[in-house]
Amino acid sequence: MRQYFQLQFTMFNRRMRDFGINPVLGYMLLTGLFIGFVKALYYRVEEYAPWTLIGACAMAQMPLSSKQRSDFLLTTFGKGRKNKIRIVENLIISLPFAVTLLLNQCFNQAAIIILLSIVSSLVTFRGNGDFVIPTPYSKHPFEFTAGFRYTFYLIALVYAITVIAVNVNNLNLGLATIVAVYLIAASYYSKPENEYYVWIFAKTPRKFLRYKVLQAIKNAFFMALPPIALLSVCYFSEILLILIAIAAGTIFLITMILAKYSSYPDGIGMSVTIMLILVLMFPPSVLVAIPYFYYRSINKLKPFLDD
Amino acid sequence: MIKITNLSKSFGKKSVLNNLSIEFQRGKICGIIGENGAGKTTLFRCIAGLESFDGEIVSQLSPLKDHLGYLTAEPFFFSMITGKEYIRLLCNARNKKLPELDKNNIFDLPLNLYVTTYSTGMRKKLALLAVLLQGNDIFILDEPFNGIDLNGSIILTEIIHRLKELGKTVIISSHIFSTLSDTCDEIHVLRHGTITQKVTREEFYLLEKEMKNSAVIGKIERLEL
């Protein structure tokens, strides 16, 4: 069991190195990000912060309960040791969340998080292969087809927030939901696809990028249509702001697609991530980022597509 | 036709293909055999344009990759994608209209289910079906029989024969000799990164005998069972 965790630690460090970051710096960065997340949470929605932490912890633990992973642990270590491993894994993940709750004197929630971690470690998410989540994007695979199926509950949540925004007469919150839909769409482009799925296209790199960008703009607009329509009807006088939100989301989506292919076939590395953060924090930097990513993408796609 | 001349490929200091020359004729089925790590997949990837290389690969079809159906040894599938959506993706990529899948689904695959729920053999069949429906002129089939059941293998053998009749070029690699002897017009032996032997149909039995001898003799005894 000790060797198993040593191997997990080594693998995690390797992932950070592949991402272009020194592991020591990575752990410091992760700690900083977690503290920042907690501070922001308590500052913005203090009342719901403990429950949000419980939810975030459960989400972080969920991938560890996949069927494939559980089957591997079961066949390799046997039932008893597999359960021990899973409990320890979940407890390690829950530790920062539980400590945060204890520091904020939320003893009940801290107990819940520990209890949930133990119980969920013994559960395997098998998924139901016979049930296929319907998607309006099945004609244009694969980013939106798969992405929609992974995030449909988030999209539903964003739509619900739009309705709440209208009910409480908060246009800013409504505009944020439009941007949120675009951010969800951009997340579909966060990982590079297998090179076979670029190679199969009978297109030049330029045409390939144009195809990908146009598909994304069309699909993301369709996905953002419910909040756009609702806000346009309820706040027609503020249509310019709504259009600005759509434009901002679209521009970030395009930047994300180009950023992905600018690193292709490798994943988005540290330097590209910093540029993407810069685009989010300082939007005018997109004027530099888009052409830079575009020309890098053309070069990176040349080995897989005919020029 | 594909003509490969002096093809060399190295990964770092490790040379995988070494001045390899070979020709694949239109309307012929060519088998490539070689031990694990002999360079079969690297050769296929070079033909497909997925690897950079030294040497020359020439074809009358230009660009070659847009006329090539490449079935990889272990096809990759996205999760949360159905079989139908996968076929649509591959056809869209080659600007080919989605065919009538009810009619074309010769392997009776559950195309409306997620590919991740498919067995290994079903995945291979799906990848093969998609490559066939793309309407390619040249086919590279890397271990096409792996994981496929008996019925599927019979159908696949017939498909390969039909492709030949249609004048297509088919290049196959397989570790199961009988599947190659059933389908191929010629077999090329790949050793140490180069083609060391070309054997025609009449001499297949000799090649099989030779391979059995070199593979088995003295090795089982070393296990001291």
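Filter region A:127-168 for residues that are among the aliphatic types (A, V, I, L, M) and over 18 Å from A:LEU230 (Cβ atoms) and give the result. A:VAL132, A:ILE133, A:ALA146 - these are the residues of region A:127-168 that are among the aliphatic types (A, V, I, L, M) and over 18 Å from A:LEU230 (Cβ atoms). Would you point out the residue of region B:51-70, among those that are hydroxyl-bearing (Ser, Thr, Tyr) and more than 7 Å from chain A (Cβ to nearest Cβ), that is nearest to A:ILE133 (Cα to Cα)? Selected residue: B:TYR70. In the set (1) at pLDDT 90 or above; (2) in contact with a helix residue (DSSP H, G or I) (Cβ under 6 Å, 6 or more places away or on another chain), the condition left unmet by A:VAL88 is number (2). Remark: B:LEU129 matches the filter, which requires a residue to be away from chain A (no Cβ under 12 Å), among the hydrophobic types (A, V, I, L, M, F, W, C), in contact (Cβ under 8 Å) with a residue 40 or more places away in the chain and buried (at least 20 other Cβ atoms within 10 Å of the Cβ).
Of the residues making up region B:20-54, those that are without any contact (Cβ under 8 Å) to a residue 60 or more places away in the chain, small (Gly, Ala, Ser) and either under 18 Å from A:ASP306 (Cα atoms) or buried (at least 20 other Cβ atoms within 10 Å of the Cβ) (or both) number 2. The residue of region A:98-148 that is nearest to the other protein chains (Cβ to nearest Cβ), among those that are among the aromatic types (Phe, Trp, Tyr) and over 24 Å from A:PHE37 (Cα atoms), is A:PHE142. When region B:71-112 is limited to residues that are among the basic types (Lys, Arg) and more than 10 Å from chain A (Cβ to nearest Cβ), the one that is surrounded by the most Cβ atoms within 10 Å (Cβ to Cβ) turns out to be B:LYS97. Does A:PRO141 meet the test of being of a type outside the set (A, V, I, L, M, F, W, C), at pLDDT below 85 and surrounded by 13 or more Cβ atoms within 10 Å (Cβ to Cβ)? Yes: the conditions hold for A:PRO141.
Entry remark, region B:140-151: residues being crowded, with 21+ Cβ neighbours inside 10 Å and more than 14 Å from every other protein chain (Cβ to nearest Cβ) number 4 in total. For region A:80-132, the set of residues classified as under 19 Å from A:TYR4 (Cα atoms) and charged (D, E, K, R) consists of A:ARG81, A:LYS82, A:LYS84, A:ARG86, A:GLU89, listed by residue number. Working only within region A:1-53, note down all residues that are outside any helix (DSSP H, G or I) and either in contact (Cβ under 8 Å) with a residue 12 or more places away in the chain or exposed (fewer than 11 other Cβ atoms within 10 Å of the Cβ) (or both). Result: A:MET1, A:PHE19, A:GLY20, A:ILE21.
For every residue, the table says whether it meets (1) under 24 Å from B:GLY167 (Cα atoms); (2) not in a helix (DSSP H, G or I).
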{"site": "B:LYS3", "(1), (2)": "yes, yes"}
{"site": "B:SER8", "(1), (2)": "no, yes"}
{"site": "B:ILE32", "(1), (2)": "yes, yes"}
{"site": "B:THR42", "(1), (2)": "no, no"}
{"site": "B:ILE47", "(1), (2)": "yes, no"}
{"site": "B:SER52", "(1), (2)": "no, yes"}
{"site": "B:SER62", "(1), (2)": "yes, yes"}
{"site": "B:PHE78", "(1), (2)": "no, yes"}
{"site": "B:GLU85", "(1), (2)": "no, no"}
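Looking at region A:166-250, the helices (runs of 4 or more DSSP H) lying wholly inside it that each contain 2 or more residues that are buried (at least 16 other Cβ atoms within 10 Å of the Cβ), away from every other protein chain (no Cβ under 14 Å) and without any contact (Cβ under 8 Å) to a residue 60 or more places away in the chain sit at A:171-187, A:205-234.
The values are calculated or read from the model by the stated rules, or taken from the named source; none is laboratory data. Since this is a predicted model, take the numbers as computed values, not measurements. We place every Cβ from the backbone using ideal geometry, glycine too, and count neighbours over all the protein chains shown.
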